[in-house]
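Encoded as structure tokens, the structure appears first; notes follow it.
The values are calculated or read from the model by the stated rules, or taken from the named source; none is laboratory data. What you see is a predicted model, and the numbers here were worked out from it, not measured in a lab. Glycine gets a Cβ as well: all are built from the backbone with ideal geometry, and neighbour counts include every protein chain shown.
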Amino acid sequence: MEIDLRALPARDAYGWMSSLITPRPIAWVSTIDPAGHANLAPFSFFNGVTARPPTLLFIPVNLRDGSKKDTVLNLEEIPECVVHIVPRDLAGQMNACAARLPHGESEFAAFGIVPSPSLLVRPPRIAAAPAAFECRVRQIVPVGDGPLAAHIVIADILHLHVRDDILGPGGEVDPARLDAVGRLGGETYSTTRDRFALERPDHTR
């Protein structure tokens, strides 16, 4: 099968991309508006950028009417956020946060998610998250227009919270203890409990 994604409706192109670019880590992002209302939303287009400086990116896709999501609106006003890693035991609450609430209504309160103060940024973090990156926005890059267009949010990592119980004996992150959720196609997810190892080639020889 050969497919020209440019010739497909955006929803169909998205379906092919989201079912093949897998598993995708999930950024569960808290932001805050100028009135102090916290927002919490998941995004499965998410990854690290570089360690010098420590930077990550996530990509909010526009709503079906082509408007920006609350996350982007908030970041344009207050360019700070906390990006959380999602473990299996919080996946249900993460998924609930994908629902569209009225602007200014907090997902923390709506879905029983306990907040905790951040150290360096104004948005609160999720108290139960195994890892959380406090970030300041470096750049927001719009890509396309209208429904299913997006904004690439590039953010500098200012501080990292890591729960001690996800660490192995040597102090490294244990993928099984982290039990992070990854997005597959449609409504399917995976976790980091199943894995294998491959030795990287030595390019110095």
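Checked against the criterion of being surrounded by fewer than 18 Cβ atoms within 10 Å (Cβ to Cβ), within 12 Å of the chain's Cα centre (by Cα) and among the small types (Gly, Ala, Ser), the candidates 41, 98, 110, 128 yield just one match: 98. For residue 27, the stated conditions hold: it is surrounded by 13 or more Cβ atoms within 10 Å (Cβ to Cβ), among the small types (Gly, Ala, Ser) and within 26 Å of residue 186 (Cα to Cα).
On inspection, residue 150 qualifies as out of contact with any Gly (no Cβ under 6 Å at 6 or more places or on another chain), among the small types (Gly, Ala, Ser) and within 30 Å of residue 9 (Cβ to Cβ). Within segment 31-75, the set of residues being more than 24 Å from residue 9 (Cα to Cα) and free of Cβ contacts under 8 Å to residues at least 12 places away in the same chain comprises 36, 48, 50, 51, 52. Taken as a whole, the condition of being in contact (Cβ under 8 Å) with a residue 12 or more places away in the chain, closer than 17 Å to residue 28 by Cα, among the hydrophobic types (A, V, I, L, M, F, W, C) and loosely packed, with under 13 Cβ neighbours inside 10 Å applies to residue 160. Under the condition of being more than 29 Å from residue 110 (Cα to Cα) and surrounded by fewer than 14 Cβ atoms within 10 Å (Cβ to Cβ), which residue from segment 44-56 is nearest to the chain's Cα centre (by Cα)? Among them, the one singled out is 48. The residue pairs whose first member lies in segment 193-205 and is within 19 Å of residue 173 (Cα to Cα), whose second member is at pLDDT 80 or above and part of a loop (DSSP other than H, G, I, E, B), and whose beta carbons are closer than 9 Å, counting only pairs six or more residues apart or on different chains, are 193/179.
Let's see how each residue does on (1) modelled with pLDDT under 95; (2) over 28 Å from residue 17 (Cβ atoms); (3) of a type in the set (Asp, Glu):
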| position | (1), (2), (3) |
| --- | --- |
| 48 | no, no, no |
| 81 | no, no, no |
| 99 | yes, no, no |
| 116 | no, yes, no |
| 122 | no, yes, no |
| 131 | no, no, no |
| 139 | no, no, no |
| 143 | no, no, no |
| 159 | no, yes, no |
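Here 129, 98 are screened, and the one residue that is touching a residue at least 60 places away in the same chain (Cβ under 8 Å) and outside any helix (DSSP H, G or I) is 129. In this structure, is residue 35 part of a loop (DSSP other than H, G, I, E, B), hydrophobic (A, V, I, L, M, F, W, C) and within 22 Å of residue 120 (Cβ to Cβ)? Answer is yes for this residue.
Contact map, segment 10-30: first residue in a helix (DSSP H, G or I), second residue of a type in the set (Val, Ile, Thr) and surrounded by 13 or more Cβ atoms within 10 Å (Cβ to Cβ), Cβ cut-off under 9 Å, separation 6 or more or different chains; pairs are 14/61. Every listed requirement among (1) farther than 24 Å from residue 166 by Cα; (2) assigned to a loop (DSSP other than H, G, I, E, B) is met by residue 112 save one, (1).
Of all residues in segment 63-93, those being in contact with an Asp or Glu (Cβ under 8 Å, 6 or more places away or on another chain), in a loop (DSSP other than H, G, I, E, B) and hydrophobic (A, V, I, L, M, F, W, C) number 1.
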